[in-house]
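Notes follow once the structure below has been shown.
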Amino acid sequence: MPARLTLILGGARSGKSRYAEAAAPRLGRRVLYVATAQPGDDEMAARIAAHQAARPKSWTTIEADTLVGRAILQSNAEPDVVLLDCMTLLASNVVARQSEPVEESTAVAALNSEIDGLLAAYRAGPAHWLIISNEVGLGVVPAYPLGRVYRDALGRSNQRLAAEADDVLFMVAGLPLVIKGSTPF
């Protein structure tokens, strides 16, 4: 079966991760879960621990906060499904490492490099990829420059991934709306 890319967008707590995690085992037996979160505080550490505990033991996990495509390729995993959770945190990790003041063009270039690596890893094998990302452009305009740069850079990254994707889903209240392609699972 040829590689397939599904982008799953939505707001916070819209059901993106739960939906992708339920779909992954239906798409293949060997699941590679790619976690991008960093435990920056106690709350985030607790969330990460809860996700780790809930994840099936049969899944392989890679924790990579940047250079995710390279980490996937270096893992020598041969997954049927790659579940990346999530582009939102990956973008935050990339943008936060830029020198202040962060320029949008610099942030977009850094994220484009990250996406180049992801797409190279995607094209390297036959796995079905599920990439989760927040749609942050529907909310309030951030009050500070770094927040606006982040929102715009992530929005451009989502557009690039959506253009490449076979399927794009938008999650609302736990329900998938098909934006592009079909619901493949």
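The values are calculated or read from the model by the stated rules, or taken from the named source; none is laboratory data. As the structure is a prediction and not an experimental result, all values here were calculated from the model. For neighbour counting, all protein chains shown are included, and Cβ atoms are generated from backbone atoms with ideal geometry for every residue, glycine included.
Observations
- Looking only at segment 148-177, residues that are in contact (Cβ under 8 Å) with a residue 60 or more places away in the chain, aromatic (Phe, Trp, Tyr) and in a helix (DSSP H, G or I) come to 0 in all.
- Segments classed as helices (runs of 4 or more DSSP H), wholly inside segment 56-147, with at least 3 members that are surrounded by fewer than 16 Cβ atoms within 10 Å (Cβ to Cβ) and modelled with pLDDT of 90 or more: 68-74, 104-123
Per-residue answers, yes or no, for (1) over 15 Å from ASN158 (Cβ atoms); (2) in contact with a strand residue (DSSP E or B) (Cβ under 7 Å, 6 or more places away or on another chain); (3) of a type in the set (A, V, I, L, M):
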residue: PRO101; (1), (2), (3): yes, no, no
residue: ALA107; (1), (2), (3): no, no, yes
residue: ILE115; (1), (2), (3): no, no, yes
residue: TRP129; (1), (2), (3): no, yes, no
residue: GLU135; (1), (2), (3): no, yes, no
residue: LEU138; (1), (2), (3): no, no, yes
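- Residue ID - surrounded by the most Cβ atoms within 10 Å (Cβ to Cβ), chosen from residues in segment 36-51 that are touching a helix residue (DSSP H, G or I) at 6+ places or on another chain (Cβ under 7 Å) and closer than 24 Å to PRO176 by Cα: THR36
- Of everything listed in (1) touching a Lys or Arg at 6+ places or on another chain (Cβ under 6 Å); (2) farther than 27 Å from GLY139 by Cβ, the single unmet condition for ALA71 is (1).
- Contact map, segment 126-141: residues that are without any contact (Cβ under 8 Å) to a residue 60 or more places away in the chain and under 18 Å from ILE179 (Cβ atoms) paired with residues that are of a type in the set (D, E, K, R) and surrounded by fewer than 18 Cβ atoms within 10 Å (Cβ to Cβ), Cβ distance under 6 Å, separation 6+ or inter-chain. No pairs are found.
- Within segment 30-55, the only residue that satisfies the criterion of being part of a strand (DSSP E or B) and hydroxyl-bearing (Ser, Thr, Tyr) is TYR33.
- VAL168 being touching a strand residue (DSSP E or B) at 6+ places or on another chain (Cβ under 9 Å), buried (at least 17 other Cβ atoms within 10 Å of the Cβ) and closer than 18 Å to GLU21 by Cα: yes
- Tally of residues being under 15 Å from VAL136 (Cα atoms), touching a residue at least 24 places away in the same chain (Cβ under 8 Å) and not in a strand (DSSP E or B) across segment 1-14: 3
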